[in-house]
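Q: Below you will find the structure I want to go over with you.
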Amino acid sequence: MKKGLGLLFFLLLLIPLLAFAEEARDIVSSCSFSSSGGRYSIERIADGDYGTEYFCAKRRHPYIEVTAPEGEKICGVYLCFGDLSIRPWEIQVLKDGAWSAVASGDGSYAHEYVPLEPADAFRVVNSEDRQTELYLSEIHVFTAGDLPDWVQIWSPTVGKADLMVLAAHPDDEILFFGGTIPYYAGELEMNVVVAYMTCGTYERRSELLDGLWLAGVRNYPVIGTFWDKYSKRLTTAYDAWGKTSANQFITGLFRTYRPEVVVTHDVNGEYGHGAHRLCADACLACVDYAADSAKWPSLGEAWQVKKLYTHLGKNAIEMNWDEPLDHFNGKTGYEVAQAMYEKHVSQQKAGQKNENGVFEVFRVEPRESDYSCYRFSLAFSRVGEDELRDDFFENVLLFSD
């Protein structure tokens, strides 16, 4: 009898633990909203569309207030900021009849998750002490429980990278580099820094974050502020961004994150895109610039990249993105790249005209394509030529801090 009572007591203790193990529910569609005053419908922050942001008009400490439906408690909030200039923010809850800050951020991340003690309501506030705005594209509001795996909790960009992937625009790192990020960041759990020269819009920034998170990247990417301008010529791309500015940005990346290996675009810009060509051309120059302590010393301590790969090329190695990956439950690197690209919702109808003048939608370039995401050329090496020709890190001895 005592044994049975003991078992019953244990099961009663276990009930709350089992309840907590349930997945948290997103109740944002049932919440009510108010704000300090703004443009457009405030429901834009709960419409599931990164392309529609809510804009709080300029004032001191603009805010958006969210109230849970009756019978529910808010235990976490996931913020997806709009605009491209994220500003310092606070999460406030009511304490003793007054709004009190319980969390804050400096605007480093476009997507932020904040756990809360169970609350009936909260505010997102721009905490700058001046007249300013507040932009949010999406808010998700969670009950107690385990977070869905799509909720992003970013770590700072690593100080020492194994691999740096440098892309001109969001989605280039998928279309042309295929399984690179899923394999090295997700499967091998290497320190991978993904850097972009330009982002374009806050919508595309959120999409790139969703894609990288799916691929296993947990360190926040580097997003440059160069203005996107299409060109077919390398000189035009340099004119748009400034040759010195572009070279200093990339030299600074190499010195700050000290990658062993760098992967970037085709020297001919894949289909001829000037910004893609610039990435390859500038990386080739900046490998030397970054290692020269006399060149732009204000950008940091000199660093020697060991290997630089450019996409495509005449004597290209061919990576195998068709091997099943344990980290992704047997999906291949190519399949994960395809899933990553699906996160770039705004680009699903984007494309270009082929040599016959026929419009073709962009895709993750398959092995047999002229722009195959499997093929890369060793454009620079301090550690010798590749012999096995199936791994970016052949001949590279990795050191960790």
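Q: Conditions: (1) closer than 30 Å to TYR238 by Cβ; (2) touching an Asp or Glu at 6+ places or on another chain (Cβ under 6 Å). VAL396 meets all but one. Number of the miss?
A: (1)
Q: To continue, here is another question. Out of PRO221, PRO297, PRO324, I need the residue that is closer than 25 Å to TYR371 by Cα and free of Cβ contacts under 8 Å to residues at least 12 places away in the same chain. Which one?
A: PRO324
Q: I'd like the residue in segment 207-240 that is more than 30 Å from SER137 (Cα to Cα) and among the β-branched types (Val, Ile, Thr) and, out of all such residues, is least open to solvent (accessible area, probe 1.4 Å).
A: Step by step, filter segment 207-240, then rank; the result is THR236.
Q: Then there's this: Filter segment 58-96 for residues that are of a type in the set (Lys, Arg) and either touching a His at 6+ places or on another chain (Cβ under 8 Å) or more than 20 Å from ARG39 (Cα to Cα) (or both) and give the result.
A: Within segment 58-96, LYS73, LYS95 meet the criteria.
Q: It is to be established whether one or more residues within segment 316-330 are of a type in the set (Gly, Ala, Ser), more than 19 Å from SER381 (Cβ to Cβ) and buried (at least 19 other Cβ atoms within 10 Å of the Cβ).
A: Scanning segment 316-330, I find no residue that is of a type in the set (Gly, Ala, Ser), more than 19 Å from SER381 (Cβ to Cβ) and buried (at least 19 other Cβ atoms within 10 Å of the Cβ), so the answer is no.
Q: Next question. Give the number of residues within segment 30-62 that are within 18 Å of ALA101 (Cβ to Cβ) and within 26 Å of the chain's Cα centre (by Cα).
A: Count: 1.
Q: Mind listing just one residue for me: the one in segment 241-271 that is assigned to a strand (DSSP E or B) and not polar (S, T, N, Q) and, of those, surrounded by the most Cβ atoms within 10 Å (Cβ to Cβ)?
A: VAL262
Q: Go through segment 136-179 and give me each residue that's outside any loop (DSSP other than H, G, I, E, B) and within 29 Å of ALA302 (Cβ to Cβ).
A: Matches in segment 136-179: SER155, LEU163, MET164, VAL165, LEU166, ALA167, ASP172, GLU173.
Q: Looking at (1) among the polar types (S, T, N, Q); (2) in a loop (DSSP other than H, G, I, E, B); (3) in contact (Cβ under 8 Å) with a residue 60 or more places away in the chain, which is the one condition that is false for THR310?
A: The one condition THR310 does not meet is (2).
Residues are listed down the side, and each one gets a yes or a no for (1) of a type outside the set (S, T, N, Q); (2) touching a Gly at 6+ places or on another chain (Cβ under 8 Å); (3) outside any strand (DSSP E or B); (4) farther than 30 Å from TYR113 by Cβ:
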{"position": "GLY211", "(1), (2), (3), (4)": "yes, no, yes, no"}
{"position": "GLY216", "(1), (2), (3), (4)": "yes, yes, yes, no"}
{"position": "TYR230", "(1), (2), (3), (4)": "yes, yes, yes, yes"}
{"position": "ASP239", "(1), (2), (3), (4)": "yes, no, yes, yes"}
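The values are calculated or read from the model by the stated rules, or taken from the named source; none is laboratory data. The structure displayed is predicted, hence computed values, not measured ones. FYI the Cβ positions are ideal-geometry reconstructions off the backbone, even for glycines, and counts take in every protein chain you see. Please note that ligands, DNA and RNA were not included when accessible areas were found on the heavy atoms of the full protein model with its side chains. Shrake-Rupley method; radii C 1.70, N 1.55, O 1.52, S 1.80 Å.
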